[in-house]
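Scroll down for the structure; my scribbles are underneath it.
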Amino acid sequence: MAYFLFFIIFIFFLFLLLLRKLRYARLQLPPGSLGLPFIGETLQMISAYKSDNPEPFIDQRVNRYGSIFTSHVFGEPTVFSADPETNRFIIMNEGKLFECSYPGSISNLLGKHSLLLMKGSLHKKMHSLTMSFANSSIIKDHLLFDIDRLIRLNLDSWSDRVLLMEEAKKITFELTVKQLMSFDPDEWTESLRKEYMLVIEGFFTLPFPLFSTTYRRAIKARTKVAEALTLVVRQRRKENEIGIEKKNDMLGALLASGEQFSNEEIVDFMLALLVAGYETTSTIMTLAIKFLTETPLALAQLKEEHEQIRARSEPEAALEWTDYKSMTFTQCVVNETLRVANIIGAIFRRTTTDIDIKGYTIPKGMKVIASFRAVHLNPEHFKDARTFNPWRWQNNNSEAVASPGSIFTPFGGGPRLCPGYELARVVLSVFLHRMVTRISWVPAEEDKLVFFPTTRTQKRYPILVKRREESTRSCIGFGYTTDTGRKKES
Ligand code: HEM
């Protein structure tokens, strides 16, 4: 009987395979393999990205089928692009031929009014509002000061052994809360962060409360975070009504924008900004330190650059915009970390119409993954692509990062270009500055990179920390100081 049952299931499976093959043969899809019914090639993909070398998953298929191929992952057929030109076509046609398509768990936890899920003209308006709040002049005028102050505060509180990833997360959360609603770190922000971390954990689970405790916990935590943020929004509205001086932050900008946003809309919007900047920036901070630790020559050159900057001011003087602008080698390190780390390795889209591309047809409604990682790590585009080599960016204009023609797209592009791209670069640069001039460190344990469900190190990168002597920090350079702690050229 058991054999018979097995036989029936086997035949049913073959039948499904045949049916699927016939259905897709009629379409002119890019070549590829759809794998097993239902699960497709999901398990191969997950196991590759759970290792420290996920490249073979894409490399093997590119070698077999070309740089645009079809697979079947996470329950549906999906077209992958590892081709820079096609990737650019996809990102530039967002909202026209393609639209953003995030997994159900992320959409539910973010809330329908978050920027990542908005579409059409509302998205355009909110995207430019967000951009206007994280652009160079805002960073220069007031965010830089807070970034520097909060990073110093955190670094000075470290014990001898820290989990760098955790510390970086704390820093980025505090920075984002400050930027969004002007709160300095305290018990309230810390308890908000704890709830918020539960929300993030839910992003990578199946969105079925019945089956997943992580997802249930995340939904509960989201409700608590939303309640806490709603109280803040209400309070701010009240303050505005009674004429208390307006605060110069993102919440202030939303309330003053002339749009009649509901509390729910503002809360969803803020929650998504917290999500978008938190994991990404803290991971890039951790990985920059990891890559530099493994590349002593680059670390030495970076230290030299920052010691020269410190030599121009008192040890405790705040960093200024001109200091940031003089960090030329640092920008090479930032670019190279972004290129090798690929924090957002790919973007997820869905076609809104049938699309003819490179001799293939991608039908309406099909999932498309544009892999930035595959381009950034392809030796045809970057010599010795899999080696961390910040010098490759020397004499190169780092502004190219966000230019429409660039094949280097760590922040995406087009209508959904990351609004935090400049901010993330500044945060990382200031963090590197304070790290190399304030402390020295060694890895406490071997730790390796993994890429699923997100890019991170397995053990959160534990390091042993030693504070650099005050005298070492202040001994470089001569001159007398101004009121701001800045040294005048002598
Ligand atoms: C190293 C750090 C970061 C990386 C690598 C990164 C990368 C990206 C990428 C690739 C996208 C495009 C996603 C898509 O097209 O589907 C994106 C979107 C976004 N990023 Fe970032 N990001 C970083 C930091 C930040 C920061 C600090 C903020 C906070 C201001 C932020 C806010 C956003 C938002 C709100 C979106 C959605 C934009 C939209 O859908 O219109 N990101 N980011």
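FYI, it's all coordinate maths here, none of it is from the lab. Worth saying up front: this structure is predicted, and the values here are computed from it rather than measured. Ideal geometry is used to build each Cβ from the backbone, glycine not excepted, and the neighbour counts take in all protein chains shown.
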In degrees from 0 to 90, rounded to the nearest 10, what is the angle of the helix 296-311 Cα long axis to the longest principal axis of the chain? 40 degrees
Using Cα centres only, tell me the gap between the range 294-315 and the range 119-147 in whole Å. 30 Å
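When ranked by the protection proxy of mean other Cβ atoms within 10 Å per residue, highest first, what sequence do the peptides 238-249, 371-382, 290-301 form? Can you show the working numbers first?
Numbers: 238-249: 11.7, 371-382: 19.9, 290-301: 16.2.
So the peptides 238-249, 371-382, 290-301, ranked by packing, come out 371-382, 290-301, 238-249.
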Simple label model, 7 Å out from Cα along Cβ direction - residue 257 to residue 467, nm: 4.3 nm
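By average Cβ neighbour count within 10 Å, what is the ranking of 450-458, 174-182 from highest down? Write out the running numbers ahead of the final one.
Values: 450-458: 17.4, 174-182: 21.7.
With the highest mean Cβ count within 10 Å placed first, the list reads 174-182, 450-458.
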Show me the ranking of peptides 119-128, 310-319 by mean Cβ neighbours inside 10 Å, starting with the highest. 310-319, 119-128
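If the chain between residue 353 and residue 223 were fully stretched, how many nm would it gain, using 0.36 nm times the residue separation less the Cα-Cα distance? Don't jump to the answer; show the numbers that get you there.
Values: separation 130, 0.36 × 130 = 46.80 nm, distance 3.63 nm.
This chain segment gains 43.2 nm when fully extended.
Efficiency by 1/(1 + (r/R0)^6): what FRET value for residue 50 and residue 234, r their Cβ-Cβ distance, R0 = 30 Å, to the nearest 0.05?
On the way: r = 43 Å, r/R0 = 1.45.
Plugging the Cβ-Cβ distance into 1/(1 + (r/R0)^6) gives 0.10.
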Taking 0.36 nm per residue of sequence separation and subtracting the Cα-Cα distance, how much length would be gained by fully extending the chain between residue 361 and residue 28, in nm to one decimal? 119.4 nm
Can you list the HN-Hα couplings for the range 121-133, worked out from phi with the Karplus curve (6.51, -1.76, 1.60; θ = phi - 60°), rounded to whole Hz and with x for Gly and Pro? 5, 5, 4, 4, 5, 6, 5, 6, 5, 5, 4, 5, 9
Here the convex hull volume per residue of the chain, taken over Cα atoms and given in Å³, is 169 Å³
Please label the shape of the range 273-319 as rounded, prolate or oblate, based on the square roots a ≥ b ≥ c of the eigenvalues of the alpha-carbon gyration tensor (a/c under 1.5 means rounded; beyond that, a/b larger than b/c means prolate, else oblate). oblate
Helix 328-341 versus the longest principal axis of the chain: what angle, 0 to 90°, nearest 10, using Cα atoms? 30 degrees
Report the one residue of 260, 225, 43 whose Cα lies farthest in the direction of the positive end of the charge dipole of the chain (charges on C-beta: Lys and Arg +1, Asp and Glu -1; origin at the Cα centre). 43
Which one, 235, 283, 362, is farthest towards the positive end of the dipole of the range 77-474 when Lys and Arg carry +1 and Asp and Glu -1 on their Cβ? 362
Would you mind giving the three semi-axes, in whole Å and largest first, of the ellipsoid equivalent to the range 287-379 according to its Cα gyration tensor? 42, 15, 10
Which angle between 0 and 90 degrees, to the nearest 10, do you get for helix 263-293 versus the longest principal axis of the chain when only C-alpha atoms count? 80 degrees
Let's see if you can work this out: charge +1 on each Lys and Arg Cβ, -1 on each Asp and Glu Cβ, no other charges. What is the dipole magnitude of the chain about its Cα centre, in debye to the nearest 20? 1200 debye
With the crude spin-label approximation of a point 7 Å out along Cα→Cβ, what separation in nm comes out for residue 206 versus residue 182? 4.7 nm
Please work out the C-alpha center-to-center distance from the range 358-392 to the range 168-192 and express it in whole Å. 35 Å
Please identify which residues in the range 404-424 have an amide N closer than 15 Å to a label point set 7 Å out from the Cα of residue 392, following the Cα→Cβ vector. 407-410
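Using 0.36 nm per residue, how much length does the chain from residue 166 to residue 145 gain when fully extended, once their Cα-Cα distance is taken away?
Values: separation 21, 0.36 × 21 = 7.56 nm, distance 2.26 nm.
Stretched out fully, the residue 166 to residue 145 stretch lengthens by 5.3 nm.
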Once you put a point 7 Å from the Cα of residue 321 and another 7 Å from the Cα of residue 85, both along the Cβ direction, what distance in nm separates them? 4.0 nm
